[in-house]
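Okay, structure first, notes after.
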Amino acid sequence: MPWKIVAFAGFLLAAAAGLLAFTMRDGSDASQQIASPEIPENTASGPFFAVPEGQPVAPGEPFLSGSGAELRLADFKGRAVVLNFWATWCTPCVRELPSLARLQAARRDLVVIALNVDTKAEGPIADFLKEVGASELEAYTDLKKKLWRAFRLNSLPTTFVINAEGHVTGRRERDAEWDSPEAQAAIDAALK
């Protein structure tokens, strides 16, 4: 009897791994993807942002606006961008969404792109943002995770600061109160 339980558990584990691999795939050939420069991760005990060496250019993979228009980060060149990757099932992501909306309202010198990466969200993302108190944010999506993969992400939430020239100047891999004085000072420092 115990061997049956072990075999069944192994089967479930293999099925879960296969399902995860299938949902992360978008059908594109991985050899055709352009590798982005290495951007260091930050740790909970480190500075507010990890600062990438050499300020790499932000990747050019497309994502969608709330109206369904295809966009690229280059479309925002000339403006500083706070790019936040999030999902509806990610508790820290959802917790920080209202502060990202307040940051957008307070800082018209920045564009806040809260980029949803859910492959199967329940209902429209704009409705979800309204429900959690972040209706000021546009419902940007990266459903095929092309930009996610270009940034080589493996955790949520992850936030980048991109300067007006399109260079990545900061990275954070945990949530924050984005409208706090500490966060705004860190954003300003990353943009200098």
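Please treat every number below as a calculation from the coordinates, not as lab data. Here the structure is a predicted model, which means the values were calculated and not measured. Every residue, glycine as well, gets a Cβ built from its backbone with ideal geometry; the counts of neighbours run over all protein chains shown.
Details
- You can think of it this way: the chain between ALA74 and ARG174 has 33.5 nm of extra reach, that is 0.36 nm per residue less the Cα-Cα gap.
- Proximity of backbone amide H atoms, modeled 1.01 Å from N, is registered between VAL111 and ALA80, VAL81, VAL82 at under 5 Å, excluding neighbours fewer than 5 places apart on the same chain.
- All lysines inside 20 Å of LYS192 as judged from Cα atoms, apart from same-chain residues fewer than 8 positions distant: LYS77
- Between the stretch 85-107 and the stretch 120-159, the Cα center-to-center distance that results, in Å: 10 Å
- At an R0 of 22 angstrom, the distance between the Cβ atoms of SER67 and TRP89 translates into a FRET efficiency of 0.35.
- Residue (of ALA164, TRP148, ALA126) at the positive-pole extreme of the stretch 116-169, dipole from beta-carbon charges: TRP148
- Additional length obtainable on full extension of the chain from GLU131 to ALA189, 0.36 nm per residue less Cα span: 17.6 nm
- Per-pair calculated FRET efficiency, R0 = 41 Å: HIS167 and THR119 via Cβ, rounded to 0.05: 0.90
- 11 Å beta-carbon shell around ASP118, net charge (K/R +1, D/E -1): 0
- In loop segments of the stretch 116-153 as defined by DSSP, the GluC sites (Glu not before Pro) with at most 12 further C-beta atoms inside 10 Å of their C-beta are GLU122.
- All C-alpha to C-alpha distances of the stretch 39-191, sorted into 5 Å bins beginning at zero, yield P(r) values of 2, 10, 21, 26, 23, 14, 4, 1, 0 percent in whole numbers.
- Cβ-derived FRET efficiency at R0 30 Å, ARG108 paired with GLU182, nearest 0.05: 0.90
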